[in-house]
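To start, the structure itself, in structure tokens.
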Amino acid sequence: MLDITNIISAVLKGDEPEVKLLVLEAISTGEKAGDIMNKGLIAGMDEVGKKMEAEDMFIPEVLMSARAMNSGAQILKPHLTEEDSGGIGVLVIGTVQGDQHDIGKNLVKMLMEGAGFEVVDLGTDVDPHKFVSAVRDNNATILAMSALLTTTMPMMADVISALNSEGLRDRVKVLVGGAPVTEEFSDEIGADGYGPDAGSAVRIAKTLISGEV
């Protein structure tokens, strides 16, 4: 059978045609779709996240890897069972109210999808009520919020307060990030985790899911 780790290398290189070819080859040789997804595509994006966190990969390269991974995932979809595609949890993500920045949020979204999360993207300028509703309606495991302006950072605290008011805070882990956000601010507002970059955000999200915090 095909060595699935070849898919990891292709994802790391951001080689979309090679990823597609290797996924099709793996399917044709009888590899389980779940193994191709988890041991090939997702494992590849895990490595991308680690390299980005270590500053061994940069945004253009990460975007190429994410596109390559998503192309492979599209080929796999018809072959995945419900169990294979169940993911590791639902993650709601958005940029807080008053802030229209989305580049960082979109990068985190791609890496989270690559890691196996089912991602609900609320976009930008998201008010607290919309965050709370999305957490409730999607039974979210993690809520990830981004802010790129110091003036919008307090909205993160408002969202956490709204989660408390609606009795949802204990049901979801809150992860925050964005250029002006710090670990100290995260602790101050009562978030569960802080990701200084997209790669670390994925690692921390997985840690929050596993409960090893």
Given LYS20/LYS173; LYS32/LYS109; LYS39/LYS173; LYS32/LYS130; LYS39/LYS130, the pairs whose alpha carbons are separated by over 29 Å: LYS20/LYS173; LYS32/LYS130; LYS39/LYS130
Folded to 0 to 90 degrees: helix 43-53 orientation relative to the chain principal axis, Cα: 50 degrees
Net lengthening on full extension, ILE103/LEU149 (0.36 nm per residue, minus Cα-Cα): 15.2 nm
FRET efficiency, ASN138 to GLU166 (Cβ-Cβ, R0 25 Å, nearest 0.05): 0.95
Inter-probe distance in nm under a simple model that places probes 7 Å from Cα toward Cβ, at THR81 and HIS129: 4.4 nm
Region 1-95: C-alpha gyration tensor shape, a/c 1.5 cut-off, then a/b vs b/c: oblate
Where a label projected 7 Å from the Cα of LEU21 along Cα→Cβ would reach, residues of region 37-78 with amide N under 15 Å: 72
Total formal charge among the other residues, if their Cβ is under 11 angstrom from that of MET155, Lys/Arg +1 and Asp/Glu -1: -4
Environment charge of SER186, counting only residues whose C-beta is closer than 13 Å and scoring Lys/Arg +1, Asp/Glu -1: -4
Cα-based helix-to-principal-axis angle, 128-138 vs the chain, degrees rounded to 10: 40 degrees
Estimated [θ] at 222 nm from DSSP helical runs (n ≥ 4, -39500 (n - 2.57)) normalised by residues in the chain, nearest 500: -15500 deg cm²/dmol
Whether region 138-213 is rounded, prolate or oblate, judged on the alpha carbon gyration tensor where a/c under 1.5 counts as rounded: oblate
Counted charge near ALA10, where neighbours are those whose Cβ lies closer than 13 Å (Asp, Glu -1; Lys, Arg +1): -3
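A short reminder: the numbers here are calculations on the coordinates, not readings from a lab. These numbers were taken from a predicted model, which means no experiment stands behind them. Positions of Cβ are backbone-derived with ideal geometry, glycine not excepted, and every protein chain shown enters the neighbour counts.
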